[in-house]
Amino acid sequence: MAVVLLVGVHLVRGGAEEFRADGPPQPLAAAAPDGTRADVSALAPLSVPDPLPASPPVRVRVPAVRVDAPVTAVGLDADGWIEAPPPEDDRLAGWFTGAVTPGERGTAVVVGHVDTPGGPAVFYDLGALAKGHRVEIARRDGRTAVFAVYGVEVVPKEGFPAERVYGGTGVPELRLITCGGTFTQENGYAGNVVVSARLVDVR
């Protein structure tokens, strides 16, 4: 987690080379997290699971948008951005190794392409998620960390609010991130879709 905040990592770069008129779904205003995170309490059970020990993720599942994808480790590229998974495997998600593993205390980060020149990619429908949807992360230790979504928003790449997006809350959280917002051929996507979720179950 310290790596993210100290170096100011703040986005996944990508996007199709050709403009897509229909484009990926964009989050509704009602899906954005509120400033106090009070809406988290309505999504979580009365007994919140204890944080898990470290164990790398191996698969991410988001049933509401039909995501069921393997996860690989990603770090930082030469320019200091979070690396995206290889574009030739558009169904692959990436766990950022500079943050905690999903289920640990802190904020885990999983990224993926929204699209590639070949068409929609693994996180194409991420913007269609809503509060209450579940994200399941299968871990190498055999456990599955289940997170409840409490916010879906588009944040600008310029002036990206890294501390707000990645900052720890003292409990296990997850961010799913892909490109989003306005797309132009000159600059690609202007923002990132950020899904915020909190651990609510362990299987």
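Here is a check on your reading of the model: is residue 194 in contact with a strand residue (DSSP E or B) (Cβ under 7 Å, 6 or more places away or on another chain) and under 30 Å from residue 53 (Cβ atoms)?
Numbers: in contact with a strand residue (DSSP E or B) (Cβ under 7 Å, 6 or more places away or on another chain): yes; under 30 Å from residue 53 (Cβ atoms): yes.
Yes; evaluated as a whole, the condition is true for this residue.
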Restricting to segment 184-195, what's the tally of residues that are surrounded by fewer than 24 Cβ atoms within 10 Å (Cβ to Cβ) and either β-branched (Val, Ile, Thr) or under 13 Å from the mean Cα position of the chain (by Cα) (or both)? 1
Selected residue (criterion: surrounded by the fewest Cβ atoms within 10 Å (Cβ to Cβ)) from residues of segment 121-156 that are within 26 Å of residue 202 (Cα to Cα) and among the hydroxyl-bearing types (Ser, Thr, Tyr): 144
How many residues are small (Gly, Ala, Ser), farther than 16 Å from residue 199 by Cβ and outside any loop (DSSP other than H, G, I, E, B) if we restrict to segment 115-138? 3
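For (1) modelled with pLDDT under 95; (2) part of a loop (DSSP other than H, G, I, E, B); (3) under 14 Å from the mean Cα position of the chain (by Cα), each residue gets a yes or a no:
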| site | (1), (2), (3) |
| --- | --- |
| 141 | no, yes, no |
| 147 | no, no, yes |
| 154 | yes, no, yes |
| 159 | yes, yes, no |
| 165 | yes, no, yes |
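Only one residue in 159, 181, 167, 118 is loosely packed, with under 15 Cβ neighbours inside 10 Å and either at positive phi or free of Cβ contacts under 8 Å to residues at least 12 places away in the same chain (or both). Which one?
On the way: 181 fails: loosely packed, with under 15 Cβ neighbours inside 10 Å; 167 fails: either at positive phi or free of Cβ contacts under 8 Å to residues at least 12 places away in the same chain (or both); 118 fails: either at positive phi or free of Cβ contacts under 8 Å to residues at least 12 places away in the same chain (or both).
Going through 159, 181, 167, 118 in turn, the sole match is 159.
The values are calculated or read from the model by the stated rules, or taken from the named source; none is laboratory data. Note that the structure is a prediction, hence the values are computed from the model and not measured. Cβ coordinates were reconstructed from backbone atoms using ideal geometry, including for glycine residues, and neighbour counts include every protein chain displayed.
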